[in-house]
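First comes the structure, then the notes that go with it.
The values are calculated or read from the model by the stated rules, or taken from the named source; none is laboratory data. Keep in mind the model is a prediction, meaning the values are calculated, not measured. Because the Cβ atoms are built from the backbone with ideal geometry, glycine has one as well, and the counts that use them run over all protein chains shown. In case anyone asks, the SASA skips ligands and DNA or RNA and just uses the protein heavy atoms, side chains included. Shrake-Rupley method; radii C 1.70, N 1.55, O 1.52, S 1.80 Å.
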Amino acid sequence: MKLISSVIAVLAALLLLYSFGIFDPPIVTACEARLKGYLAAPSTYERNRFFLSERPATTADLEDRFKGFPDVQRAYQKEFDKGSVKPVLYTATINFNVLDTQAEKVTRAITCQYFSTDGSISKISVGRVFIFATDAATDSQIFRDFSDDPPLTTEELRKKFKPIAPYTGWVRDTFRRLLN
């Protein structure tokens, strides 16, 4: 009887932790943090579901990522061609509900991408995740106007580029290295 109650207590604790988003993948956490900075009513954000994917990066991905930095692009391309660098493109598509500027509940989907030069996810931060709207025609109804925003302070920039979940990412990166 004591064993059963212990198992039930552990399962209840895990379910409670899961409901608070403790087990969300780092890219989803970073994507949501970035998205909430753009929303007109971020407190009304509700995630419905998310889909994850990852794929090895291609030469075109390298060119796109380092566009405007030809020296860096050449260095990574050389290492990529030798096989010493194995970049990965992580993608999260999030379906969510939010109130628009007319206070009507709308459902939208966005895609976030994170380019990892070495395949690791322990360095994912809000500032390194890029958001792509799926329905740009109506996004002006949910995104706020940035024209009056002051520039970010050094502390705000530091916080934006601080890894979201370094420990979770480190565990996953370690398993990835062991399996490959």
Review point. What does the highest-first list of 86-97, 50-61 look like by mean Cβ count within 10 Å?
Key: 86-97, 50-61
Practice item. May I ask you to order 67-79, 33-45 by the average number of other C-beta atoms within 10 Å around their residues, highest value first? Key: 33-45, 67-79
Point to revise | Proximal lysines to LYS162, defined as alpha-carbon separation beneath 26 angstrom and excluding residues fewer than eight positions away on the same chain | key: LYS36, LYS67, LYS86, LYS123
Check your understanding: Which whole-number percent gives the relative contact order of the stretch 74-119, counting Cα pairs below 8 Å spaced six or more residues apart?
Key -> 42 percent
**Study point:** Virtual spin-label span in nm between ASP81 and ASP64, 7 Å along Cα→Cβ
**Key:** 2.2 nm
Exercise for review: Using a 1.4 angstrom probe on heavy atoms only, work out the carbon and sulfur share of the accessible area of the stretch 22-100 in %.
Suggested key: 55 percent
